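The values are calculated or read from the model by the stated rules, or taken from the named source; none is laboratory data. Keep in mind that this is a model prediction, so the values were computed, not measured. A quick note on method: Cβ atoms are made from the backbone with ideal geometry, for glycine too, and the neighbour counts reach across all protein chains shown.
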Amino acid sequence: MNDQPENLVRATPGVPVIPFVNWGGMRALYVKEVRRFFKVQLQTIWAPAITTLLFLVIFTVALGGGGRQVMGEPFANFIAPGLIVMGMMQNAFANSSFSLLVGKIQGTIVDYLMPPLSSGEVLFALVAAAITRAILVGLTVWLAMCFWPGVEVVPQHFWAVIWFGLMGSALLSFLGVLTSIWAEKFDHAAAVTNFVIQPLSLLSGTFYAVDALAPTFQAISHANPFFYVISGFRYGFIGIADSPIAIGAVALLGVNIVLCAICYVLLSKGWKLKN
């Protein structure tokens, strides 16, 4: 007597069971990554939000007194959008730079390499989870700023808020994946955070107008992709930008495509992952 169900589907030898996209596996990895940071949400969501609000308080008290304005806007309104997206980007990097690195350190990297997931599917799940954390942090900071006295954070151009928020989060997510692939210990990831991410974030025009700088420093700022994220995201809230919006939008898309391709190639080759 045959105990096997009659409707059992058997794949022909040599024919893949998952011919196109493993949606179930990709969703499972995405949910795993989201649950990982959500279990410690006090550290991954609320703490960064409070830190960002402290930046707002310190800089508005120290530099925003006397009705100071930047680019025709009150200082608090000027720096608020930049602080929101800066918090989003930093947390996107923190999330994506952790997954593969901790797998290599703890010896659980096989959990990412063995499942029937392509390199593109693994990359998509990791980046999507990092962007999810960035969005949660951004929404938390934005809601808090809505009730903060003296700050107006009502979006004027929703498309710019969404586009530059996503492009900035994706940019740091890809950089985080690259760091996670390259790094061999947490000190390496911390070095990238302290000597690359933090300087680029703080020197991106979040707290000042780039037009007020000397020509040399203006040129350096325009070479910083973080600058276009800050400028475009700020435009979405106050309708003013210190760089051409269209150029920034296209430039960020191009940078993200290049970073995505690099991440995909490195994951496909298993560089520093399969050794």
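Of all the criteria given as (1) without any contact (Cβ under 8 Å) to a residue 24 or more places away in the chain; (2) small (G, A, S); (3) under 18 Å from A144 (Cβ atoms), the one not satisfied by A62 is (3). S243 satisfies every condition listed in (1) modelled with pLDDT under 95; (2) among the small types (G, A, S); (3) more than 28 Å from A76 (Cβ to Cβ) except (3). Number of residues in region 152-178 that are under 13 Å from the mean Cα position of the chain (by Cα) and among the polar types (S, T, N, Q): the value is 2.
Could you check how many residues of region 113-157 are free of Cβ contacts under 8 Å to residues at least 40 places away in the same chain and hydroxyl-bearing (S, T, Y)?
Within region 113-157, residues that are free of Cβ contacts under 8 Å to residues at least 40 places away in the same chain and hydroxyl-bearing (S, T, Y) number 0.
Restricted to region 232-248, and to residues there that are within 12 Å of A209 (Cα to Cα) and not hydroxyl-bearing (S, T, Y), the residue that is nearest to the chain's Cα centre (by Cα) is R234.
Kindly indicate whether V229 is within 17 Å of the chain's Cα centre (by Cα), part of a helix (DSSP H, G or I) and surrounded by 22 or more Cβ atoms within 10 Å (Cβ to Cβ). So V229 passes the test.
Residue selection: F75 satisfies the criterion of being surrounded by 19 or more Cβ atoms within 10 Å (Cβ to Cβ), of a type in the set (F, W, Y) and free of Cβ contacts under 8 Å to residues at least 24 places away in the same chain.
Listed conditions (1) more than 14 Å from the chain's Cα centre (by Cα); (2) buried (at least 21 other Cβ atoms within 10 Å of the Cβ) are all met by P199, apart from (2). Has region 102-110 got at least one residue that is among the charged types (D, E, K, R) and more than 26 Å from I247 (Cβ to Cβ)? Within region 102-110 (the criterion being among the charged types (D, E, K, R) and more than 26 Å from I247 (Cβ to Cβ)), the answer is yes, since at least one residue qualifies.
Listed by position, the helices (runs of 4 or more DSSP H) contained in region 27-125 that have at least 1 residues being basic (K, R) are 99-106.
Out of I109, I105, I162, I181, one residue alone is surrounded by fewer than 23 Cβ atoms within 10 Å (Cβ to Cβ), closer than 23 Å to G248 by Cβ and either of a type in the set (A, V, I, L, M, F, W, C) or modelled with pLDDT of 95 or more (or both). It is I162.
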